[in-house]
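K.L.:
Have a look at this one.
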Amino acid sequence: MSPGVAIGPVHVRDSGDLHVAEHHIAPEEVEAEKIRFRRAVKKAERQLGKIRGKAQTLHGTAAEELGYLLDAHMQMLRSRRLLEGVEQRIAEQRLNAEAAVMKEIERIAEGFLAMDDTYLKARAEEIREVGLRIVRNLMAAPYPSFDRIDENSIIVAEEVTPADTALMDPNRIAGFATVLGGAEGHTAIMARSLGLPAVLGVADLMGQVRDGDILIVDGTRGRVIVHPTESRLASYYRRQREIERETRALSRLRGLPAITRDGVLVTMQANIELPREVTQAIVSGAEGVGLLRTEFMFMNREDLPGEDEQYETLREIVEGMAGQPVTARTLDVGGEKLAWSLDRDRGESLNPALGLRAIRLSLKERHLLDTQLAAMLRAAAHGPLRILLPMVTSVGEIREVRRAVQEVEQRLRRRGERLPYETPPLGVMIEVPGAALAADALAAVSDFFSIGTNDLTMYTLAIDRAEEQVAHLYNPLHPAVLRLIQFAVEAGLRARIPVSVCGEMAGDPRYTPLFLGLGVTELSMAPASLPRVKQRLRHLDCTAAVHRAMAIMDQSDSGRIAALLDDFSG
Ligand code: PEP
Ligand code: MG
């Protein structure tokens, strides 16, 4: 999921002691606390169901053994004794849900331990695991701390969220491996962005390693090697040194122009999430930030960032990019990108990817949008900034945001804030099939397009990008996806607005000739991907790429498309 090789001692994320605070709740809080508990149980059921599905992909007895264990967990999770016991403690003892679960679990575990039967004694450990799962869900662990673990550790966890990844410091953490997660999810994107080697979706991982075991994570080949032999270790250390040499060689491309053999110039920009990534963007030779995912400012905190704080962060990025444009996207939470500060009062949506997310949330809760726009407009006074809207589906949404920009601008002017001479360009993500099909209408009211191939692939093929069970079906080379991309690019170019591609495809040199052939001359990607794409680009002939793209667009079979793409060398 994220290339590179990490070698180091394991730190099992879930083995740490959870510090569970105990407190009493008021009588009127009892019902809400019960609902919170039931939600945490439902979430645990979903988690177990997912791991169960994953376990079926294992070979031989491993699938069976893990399956039994997970079934046992599921049964315990659904047992009336546990559910009623906890709710009773909440209602009668007025305990917070976390403490009620811990106490009830301990009581049940002691019951098992007191039995004169080794089989039943073993159940005590299992019920404790189930209890901890519920407690972790209840606490939603907004601040997973990675600073106390040993340097160069490899994090092993059932799941690592995008917000967790944002807290990982690549200077301290060597890499990570998880049971759940798919390649196009934001955890994987974030890992690639930070240059952290990672393998996601390893079914029987948790049972195989303990804290301190030496582990190899080969993020390039998607392998996790437990208890490696000396010779295996030696060969992976060699591989690490090779990767370092390759990276050094590629860094020489930094100062060279992104130009094809026949003289077509391409703008190469960086996707970033955090201000600290500006350095990587500059070092990799990016000509601006093509996508700043501002939602990461909202993660790992309890409160919402205010206008001044957002402004300061944006200003830091704009100034850091020293005159190169920064494309700031408004909040795109929802789906798997959750922000505790925004999510806690909301019920769980059955279909979060189709729910109240991204621009829909911003337009519904105008204070979110207005605060972001104000911060962006103020930051635009310090350097070129463009505003980008996620998950747009209709012209009405863009018009509404334009009105909001005007209102916010007037308010800021009255307040005497320093503003840019011209209102920043307002662009839209093309990442919903409907938006791609309506691209000509959207182009008429937008200043630029940015094609988000990650979501576009997900929504076109109805494949959850973060869902490991259908990961193998996620195929951006499906003709339907390519036709939508082509349609949107052509509509944008006809309207003479800039069109860039900022999904993960943009950062994969495999697709560079295809985009070029379709007329795309702006690409935005993780800083670490830039040198390789530039290298490919400098060896390409644009005219030949156009012909190949035409041939590809005539195909109806994605296998044939892949073949045409992979044997193109022009
Ligand atoms: C996309 O969907 O392709 C995209 C670039 O946005 P994100 O990955 O943040 O959803
Ligand atoms: Mg998207």
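K.L.:
Kirkwood Rh over alpha-carbon pairs of region 487-544, then Stokes-Einstein at 20 °C and 1.002 mPa s: what D in µm² s⁻¹, rounded to an integer?
P.N.:
183 µm²/s
K.L.:
Quickly work out the residue 150-to-residue 394 label distance, labels modelled 7 Å from Cα along the C-beta direction, and quote it in nm with one decimal.
P.N.:
With each label point 7 Å from Cα toward Cβ, the separation is 5.8 nm.
K.L.:
Among all the lysines, which ones have a C-alpha under 16 Å from residue 54's C-alpha, if same-chain residues fewer than 8 places away are not counted?
P.N.:
none
K.L.:
Applying the Karplus parametrisation 6.51 cos²θ - 1.76 cosθ + 1.60 with θ = phi - 60° to the phi angles of region 51-56, what ³J(HN,Hα) value in whole Hz is obtained for each residue in order, glycine and proline being reported as x?
P.N.:
Residue by residue, region 51-56 yields 5, 4, x, 5, 4, 5 Hz.
K.L.:
Also: When N counts the residues of region 463-570, how does its alpha-carbon radius of gyration compare numerically with 2.2 N^0.38 Å, as a ratio?
P.N.:
1.06
K.L.:
Tally up the carbon and sulfur contribution to the accessible surface of the chain as a whole percent, 1.4 Å probe, everything protein left in place.
P.N.:
50 percent
K.L.:
Sticking with this structure for a sec: May I ask for the angle, rounded to the nearest 10°, between helix 118-139 and the longest principal axis of the chain, with both axes built from Cα atoms and the value confined to 0 to 90°?
P.N.:
40 degrees
K.L.:
For residue 91 and residue 569, calculate 0.36 nm times their separation in residues minus their Cα-Cα distance, and state this gained length in nm to one decimal.
P.N.:
165.1 nm
K.L.:
Residue separation times 0.36 nm, minus the C-alpha to C-alpha distance between residue 556 and residue 246: what's the value?
P.N.:
107.9 nm
K.L.:
How big is region 384-489 along each principal axis, measuring the range of its Cα positions in Å and listing the largest first?
P.N.:
54, 29, 23
K.L.:
So what are the ³J(HN,Hα) numbers for region 262-268, from phi and the Karplus equation (6.51, -1.76, 1.60; θ = phi - 60°), rounded to whole Hz, Gly and Pro as x?
P.N.:
In residue order, the calculated couplings are 9, x, 8, 8, 10, 8, 10 Hz.
K.L.:
Report the extension gain between residue 365 and residue 63 in nm, rounded to one decimal, defined as 0.36 nm multiplied by the number of residues separating them, less their alpha carbon distance.
P.N.:
Gain on extension, residue 365 to residue 63, equals 104.1 nm.
K.L.:
Now a separate question. Note down the Stokes-Einstein diffusion coefficient of region 194-270 in µm²/s, whole number, using a Kirkwood radius over alpha carbon pairs, 10 °C, and 1.306 mPa s.
P.N.:
Estimated diffusion coefficient is 100 µm²/s.
K.L.:
Would you mind finding the longest exposed-site-free stretch of the chain, with exposed GluC sites (Glu not before Pro) meaning DSSP loop and at most 12 other Cβ atoms within 10 Å?
P.N.:
With GluC sites (Glu not before Pro) excluded where exposed in loops, the chain gives 152-301 as its longest stretch.
K.L.:
Let me ask something else about it. Checking a compactness column here: for region 29-156, what do you get for Rg(Cα) / (2.2 N^0.38 Å), N being the number of residues?
P.N.:
1.18
K.L.:
How about region 375-465: which chymotrypsin sites (Phe, Trp or Tyr not before Pro) there are in a DSSP loop, with at most 11 other Cβ atoms within 10 Å of their Cβ?
P.N.:
421
K.L.:
Which of the residue pairs 34/121; 43/121; 34/103 have a Cα-Cα distance greater than 22 Å in the structure shown?
P.N.:
34/121; 43/121
K.L.:
Quick one: work out the % antiparallel among DSSP beta bridges in the chain, nearest 5.
P.N.:
Among the beta bridges of the chain, antiparallel pairing accounts for roughly 25 percent.
K.L.:
Rolling a 1.4 angstrom probe over the protein heavy atoms, how many square angstrom per residue are accessible across the chain?
P.N.:
Per residue, the chain has an accessible area of 44 Å².
K.L.:
Specify the angular offset, from 0 to 90 degrees and rounded to the nearest 10, of the alpha carbon long axis of helix 307-320 from the longest principal axis of the alpha carbons in the chain.
P.N.:
Helix 307-320 and the main axis of the chain meet at about 50 degrees.
K.L.:
Can you give the Kirkwood hydrodynamic radius of the chain from its Cα pairs, in Å with one decimal?
P.N.:
25.4 Å
K.L.:
So, one more: I want the local charge near residue 473. Using Cβ-Cβ distances under 13 Å, sum +1 for each Lys or Arg and -1 for each Asp or Glu among the other residues.
P.N.:
-3
K.L.:
For residue 289, enumerate residues with amide H under 5 Å from its amide H, sequence gap 5+ or separate chain, H modeled in the peptide plane.
P.N.:
Hits under the 5 Å cutoff: 270, 326, 327.
K.L.:
Can you give the three extents of the C-alpha atoms in region 262-541 along their principal axes, from longest to shortest, in whole Å?
P.N.:
The principal-axis extents, from largest down, are 52, 44, 35 Å.
K.L.:
Per residue of region 239-254, in order, report the coupling 6.51 cos²θ - 1.76 cosθ + 1.60 (Karplus, θ = phi - 60°) as ³J(HN,Hα) in whole Hz, putting x for Gly and Pro.
P.N.:
4, 4, 5, 4, 4, 4, 5, 4, 4, 4, 5, 5, 5, 5, 6, 3
K.L.:
Once label points are set 7 Å from the Cα along Cα→Cβ at both residue 421 and residue 210, what is their separation, rounded to one decimal in nm?
P.N.:
Once both label points are built, they end up 6.8 nm from each other.
K.L.:
Same structure, new question: Nearest 10 degrees, 0 to 90: what angle lies between the long axis of helix 97-113 and the longest principal axis of the chain (Cα atoms)?
P.N.:
50 degrees
K.L.:
Another one. Put a dot 7 Å past each Cα toward the Cβ at residue 113 and residue 227; how far apart are the dots in nm?
P.N.:
2.8 nm
The values are calculated or read from the model by the stated rules, or taken from the named source; none is laboratory data. Everything quoted here is computed from the prediction, not taken from an experiment. A quick note on method: Cβ atoms are made from the backbone with ideal geometry, for glycine too, and the neighbour counts reach across all protein chains shown. In case anyone asks, the SASA skips ligands and DNA or RNA and just uses the protein heavy atoms, side chains included. Shrake-Rupley method; radii C 1.70, N 1.55, O 1.52, S 1.80 Å.
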